[in-house]
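Everything below concerns the one structure shown next.
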Amino acid sequence: MKTTVAVALALTLSFTGIVGNHAEAAKARPDLIVAAVSAPSSTSPNTIIVVSGTIKNQGRASSKAFNVAAYLSADPSNTIGATLLGTQNVSGLAAGASVALSNSFTVPASTASGTFYVVAVADSTKVVSESNESNNTRASGGIAVQAPISTPTAAQITAWVTDSLARIQPTDPAGISTEATIKAARNEYEGFQVIVKAPSDTALSNVTATASDLTGPTGVIASSNITLYREAYILVTTSSPASPYPTGWWPDPLIPFKHPETGANLGQPFTVDAGRNVPIYVEVYVPAGTPAGTYTGGIQVSVSGGASIPIPISLTVWNFSLPTTPALRTNFGHFRSQQFAAAFGTSRYTDIHNTLMDKFDHELLRHRLSPARPSGTEPSYNAATGTIDSSNVQARMAHFISLGLTSYDLPLFDDWPWADPFGADRDKAQRYLSGILDWLGANDWLTLAYHDGIDEPEEASGYQAVRDEATNWHGLDPRAKMLITEQTRPWDPTWGTLYGSVDIWTPYFSRFDPVTWAERRAVGEQSWMYGAWGDNGTPGDLLDRPIYEIRVPAWIGFQYGITGLLKWNTVYWDQVTDPWTNPATYTLSGDIFNGDGAFFYPGTKVGYEGPIASLRLKTFRDAVDDYDYLTQLAVTDPASAQAIAQRVGTTFTDWTKDSTPIAQARLELGRRLGEL
């Protein structure tokens with residue numbers, strides 16, 4: 001039924017000029033403009049609105065009769081694709097005269113929610129020959145159009161459950177599962193999703209959700225161990241190379257329901273537009289020491305008007321624990337760049353930037369992922385002698401170790417902290433590097449240390465540069481391990497090999513060579529893994545790749561004794577103004593790689609001066625957990641661990657194209673470990 005905001009119809013002519021003599025008028029022409037137009041600031045579909053305005057003839061001659069058209073447009077600058085609301089006739093205007101118009105129009109029932117404008121067009125049918133034909137339009141201020149919100153009953157609201165390996169788009173049909181059944185080890189986070197869908201003709205407002213305690217036979221997992229996030233959608237307008245998906249909206253940022261520092265509402269309450277989905281990511285942490293068994297509780301989803309839907313949860317806690325320090329080492333980059341600081345409106349190494357680096361370091365470690373080197377863990381040093389003093393960072397480094405740190409990229413560069421560390425400043429650099437290694441060794445942290453050297457040396461000169469760099473570093477202290485993003489099989493045999501120069505090989509997934517890696521492993525070298533794009537048939541981690549692919553490399557890497565995972569960045573926002581609105585974070589040779597190097601979002605967009613994690617970051621944590629499951633079973637039954645891992649894939653180009661084998665393999669590992 002139509003509702004009426006106001007109804008008015010008036011036509012007033014106010015002549016403010018007179019027509020000049022006939023000779024002058026014959027030479028001159030009229031010039032019609034829309035001097036003003038106004039409309040309500042908000043409305044709803046199928047509602048009558050009043051539009052008022054003023055038409056003026058600022059030309060030197062009278063005009064004949066003409067029409068004024070009113071359009072409802074999403075773009076204030078044109079009427080292409082706009083909806084014609086109606087027209088009004090003006091019988092003519094003398095030069096310099098104005099006419100005030102007011103009329104009532106109905107906003108079409110099919111109008112979507114959003115911001116629109118009334119664009120008024122003088123002489124819309126172009127019957128008047130004017131001195132200027134390009135100034136006939138003007139737009140009103142923005143009009144917020146919102147579908148009317150009624151009070152739905154619980155029966156009209158749809159909420160269903162899916163696991164963490166699915167991504168739900170805004171218009172996907174509802175699933176059939178309405179209960180969450182999950183299994184986890186102690187000291188593990190396990191996630192699932194609750195998707196709230198609005199009726200096709202009614203939006204849901206003030207949607208909230210709360211979690212209850214989970215009660216078991218011998219204890220309780222408090223609701224404080226359950227964190228809820230609203231999943232935000234990112235629009236992909238150009239697909240990444242090798243993406244199997246079309247363009248569209250993909251969930252990725254996870255806005256916590258509660259502000260991480262103040263506890264105020266952040267991701268809730270929220271609105272679900274008519275016929276649309278909004279997923280809620282539910283993260284359950286099983287505290288260390290929780291007795292094994294089944295724990296039950298639930299999530300209560302509520303909407304404006306009092307309707308609510310219960311989502312039961314059944315959690316099985318297996319009788320084993322994940323270690324604080326993961327078996328799979330990681331380096332997920334650092335937060336020292338000016339571009340990162342600028343995203344929060346500050347500069348490098350200000351107090352604000354230092355605080356931000358600390359927040360992001362901790363958020364990575366909460367996901368069992370390590371920064372390259374935590375901020376503020378570089379020992380002070382004497383610039384004249386090179387001797388170090390670690391007392392200023394001892395407690396901070398020990399704190400990060402207690403959180404499961406697995407990476408420490410040594411803080412020495414070709415031009416820092418001395419201009420020539422391998423030449424004129426060699427003695428000082430040697431004392432400095434050996435001092436850091438001695439400090440790490442005395443605390444049993446030496447295995448974390450390495451130097452992340454020349455990146456992707458994909459030419460003969462690059463290979464020689466790696467050999468020279470390794471000679472320099474190993475010459476300062478042979479304990480300094482060299483990590484190089486290159487494969488064990490030489491890129492080009494004519495370039496020679498890097499054997500003896502590289503301690504930690506880190507090849508792209510597509511360039512991993514099992515034969516030469518086995519040879520290097522036999523002499524005590526290590527291998528990590530590196531990849532993102534899903535090129536050449538390998539798994540990817542881009543925004544528009546299947547999210548389960550992020551977990552595949554851990555299963556394959558385990559089979560080959562690969563012990564680490566490198567990601568080149570998690571906050572590469574350098575090529576975009578706002579990653580919330582433009583996911584094209586990396587562009588190369590005209591190709592767009594959506595979300596590459598960007599697994600966090602700046603929280604300023606949603607009112608938090610800190611990190612907003614993504615679905616993809618949570619999935620990396622799940623991959624690290626998978627590796628721990630395999631590693632623990634391999635202690636007592638290595639053959640079974642290998643066989644189960646092979647169900648997911650056998651090489652980086654031969655792996656499951658379905659998430660089901662990953663979920664089933666994890667369940668099998670959990671069952672076996674729980675029985676030990």
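Structure summary
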read-out: Every residue from region 496-529 that is buried (at least 18 other Cβ atoms within 10 Å of the Cβ) and either in contact with a helix residue (DSSP H, G or I) (Cβ under 7 Å, 6 or more places away or on another chain) or aliphatic (A, V, I, L, M) (or both); value: LEU498, SER501, VAL502, ILE504, TRP505, PHE509, SER527, MET529
read-out: Pick from region 607-637, criterion small (Gly, Ala, Ser) and part of a helix (DSSP H, G or I), ranking: farthest from PRO539 (Cα to Cα); value: ALA634
read-out: Candidate set from region 205-228 (those that are of a type in the set (Ser, Thr, Tyr) and part of a strand (DSSP E or B)); member that is nearest to the chain's Cα centre (by Cα); value: THR227
read-out: Subset of region 472-498 [among the polar types (S, T, N, Q) and more than 23 Å from ALA372 (Cβ to Cβ)]; value: THR494, THR497
read-out: Of the criteria (1) within 29 Å of VAL194 (Cβ to Cβ); (2) buried (at least 21 other Cβ atoms within 10 Å of the Cβ), which one ASP578 fails; value: (2)
read-out: Looking only at region 638-664, and only at residues there that are aliphatic (A, V, I, L, M) and free of Cβ contacts under 8 Å to residues at least 12 places away in the same chain, the one that is nearest to ASN536 (Cα to Cα); value: ALA643
read-out: Selection count where residues are farther than 30 Å from ASN265 by Cβ, in the same structural domain as TYR548 (by TED's automatic domain parsing) and of a type in the set (S, T, N, Q), scope region 595-635; value: 0
read-out: Unique residue being of a type in the set (Asp, Glu), at pLDDT 95 or above, buried (at least 17 other Cβ atoms within 10 Å of the Cβ) and under 24 Å from ARG329 (Cα atoms) when the list is ASP444, ASP452, ASP438; value: ASP452
read-out: Flag for THR619 being farther than 27 Å from ALA232 by Cβ, touching a residue at least 12 places away in the same chain (Cβ under 8 Å) and hydroxyl-bearing (Ser, Thr, Tyr); value: no
read-out: Residue that is surrounded by the fewest Cβ atoms within 10 Å (Cβ to Cβ) [pool: residues in region 623-676 that are farther than 21 Å from LEU565 by Cβ and small (Gly, Ala, Ser)]; value: ALA639
read-out: Test for LEU364: is it part of a loop (DSSP other than H, G, I, E, B), over 24 Å from TYR432 (Cβ atoms) and assigned by TED's automatic domain parsing to the domain that holds THR570; value: no
read-out: Tally, over region 259-304, of residues that are free of Cβ contacts under 8 Å to residues at least 12 places away in the same chain and in a strand (DSSP E or B); value: 1
read-out: Filter result (outside any loop (DSSP other than H, G, I, E, B) and either in contact with a Ser or Thr (Cβ under 9 Å, 6 or more places away or on another chain) or touching a residue at least 40 places away in the same chain (Cβ under 8 Å) (or both)) within region 567-604; value: VAL571, ASP591, ILE592, PHE593, ALA598, PHE600, TYR601, PRO602, THR604
read-out: Check on GLY59, in contact with a strand residue (DSSP E or B) (Cβ under 7 Å, 6 or more places away or on another chain), modelled with pLDDT of 90 or more and outside any strand (DSSP E or B); value: no
read-out: Single residue of region 339-353 satisfying the filter (touching a His at 6+ places or on another chain (Cβ under 9 Å) and part of a loop (DSSP other than H, G, I, E, B)) that is surrounded by the fewest Cβ atoms within 10 Å (Cβ to Cβ); value: SER347
read-out: Residue in region 513-531 that is within 21 Å of PRO326 (Cβ to Cβ), assigned to a helix (DSSP H, G or I), in contact (Cβ under 8 Å) with a residue 60 or more places away in the chain and in contact with a strand residue (DSSP E or B) (Cβ under 7 Å, 6 or more places away or on another chain) present; value: no
read-out: Yes/no for TRP568 being within 18 Å of the chain's Cα centre (by Cα) and over 26 Å from TYR450 (Cβ atoms); value: no
read-out: Answer from ILE168, ILE149 - the residue that is modelled with pLDDT of 95 or more and surrounded by 15 or more Cβ atoms within 10 Å (Cβ to Cβ); value: ILE168
read-out: Output for region 321-332, where each listed residue is in a strand (DSSP E or B) and surrounded by 21 or more Cβ atoms within 10 Å (Cβ to Cβ); value: ARG329, THR330, ASN331
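This table checks each residue for (1) at positive phi; (2) out of contact with any helix residue (DSSP H, G or I) (no Cβ under 8 Å at 6 or more places or on another chain); (3) without any contact (Cβ under 8 Å) to a residue 24 or more places away in the chain.
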residue: THR137; (1), (2), (3): no, yes, no
residue: ILE143; (1), (2), (3): no, yes, no
residue: SER177; (1), (2), (3): no, yes, yes
residue: ASN187; (1), (2), (3): yes, yes, no
residue: GLN193; (1), (2), (3): no, yes, no
residue: SER205; (1), (2), (3): no, yes, no
residue: ASP213; (1), (2), (3): no, no, no
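Okay, residues lined up against (1) closer than 15 Å to SER44 by Cβ; (2) within 32 Å of the chain's Cα centre (by Cα); (3) assigned by TED's automatic domain parsing to the domain that holds GLN58; (4) assigned to a strand (DSSP E or B):
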{"position": "ALA94", "(1), (2), (3), (4)": "no, no, yes, no"}
{"position": "LEU101", "(1), (2), (3), (4)": "no, no, yes, yes"}
{"position": "THR111", "(1), (2), (3), (4)": "yes, yes, yes, no"}
{"position": "TYR117", "(1), (2), (3), (4)": "no, yes, yes, yes"}
{"position": "THR125", "(1), (2), (3), (4)": "no, no, yes, no"}
{"position": "SER134", "(1), (2), (3), (4)": "no, no, yes, no"}
{"position": "ARG138", "(1), (2), (3), (4)": "no, no, yes, yes"}
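The values are calculated or read from the model by the stated rules, or taken from the named source; none is laboratory data. Bear in mind that the values here come from a model prediction, so they are computed numbers and not experimental data. Reconstructed Cβ throughout: ideal geometry from the backbone, glycine too, with neighbour counts over all protein chains shown.
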